[in-house]
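Working notes, beginning with the structure itself.
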Amino acid sequence: MSDKIDLDRIYAPSEDIVVREIEGEIVIVPLVSGIGDMEDELFTLNETGRDIWNKIDGSRTVAAVIRELAEEYEAPAGLLEGDVAGLLEELLVRKMVVEKE
């Protein structure tokens with residue numbers, strides 16, 4: 001598990017992005033410079049990433065997101081923890097999600 005992602009914290013999409021779902025994929029478009037990757041203005045999430053993204057809404061802890069996904073996917077929470085933390089780390093680095101107070 002990541003040193004950066006605390007399972008008791010709550011994250012939400014940044015206000016500096018626009019998000020659209022197109023053919024089952026989430027497309028994230030930065031509205032300001034310094035968001036995302038300068039070489040790739042769009043960031044897309046596959047079906048699994050979409051399911052994680054839809055739960056990162058500013059109302060659930062990371063642990064709650066993992067529990068809900070474990071139920072939906074009928075998979076052990078420990079197996080999903082690394083995937084959720086990894087995606088959150090990437091989104092934090094790209095400033096596409098923010099930690100809620």
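Computed from the coordinates by the stated procedures, all read-outs in this text should not be read as laboratory data. What you see is a predicted model, and the numbers here were worked out from it, not measured in a lab. No Cβ is skipped: glycine too gets one built from the backbone with ideal geometry, and neighbour counts run over all protein chains shown.
To the nearest 20 debye, what charge dipole does the chain have about its Cα centre, counting +1 at the Cβ of each Lys and Arg and -1 at the Cβ of each Asp and Glu?
That gives a dipole near 280 debye.
Normalise the Cα radius of gyration of the chain by 2.2 N^0.38 Å (N = residues in it) and let me know the number.
1.03
Would you mind calculating the gained length between Lys95 and Thr48 on full extension (0.36 nm times residue separation, minus the Cα-Cα distance), in nm to one decimal?
Between Lys95 and Thr48, full extension yields an extra 14.9 nm.
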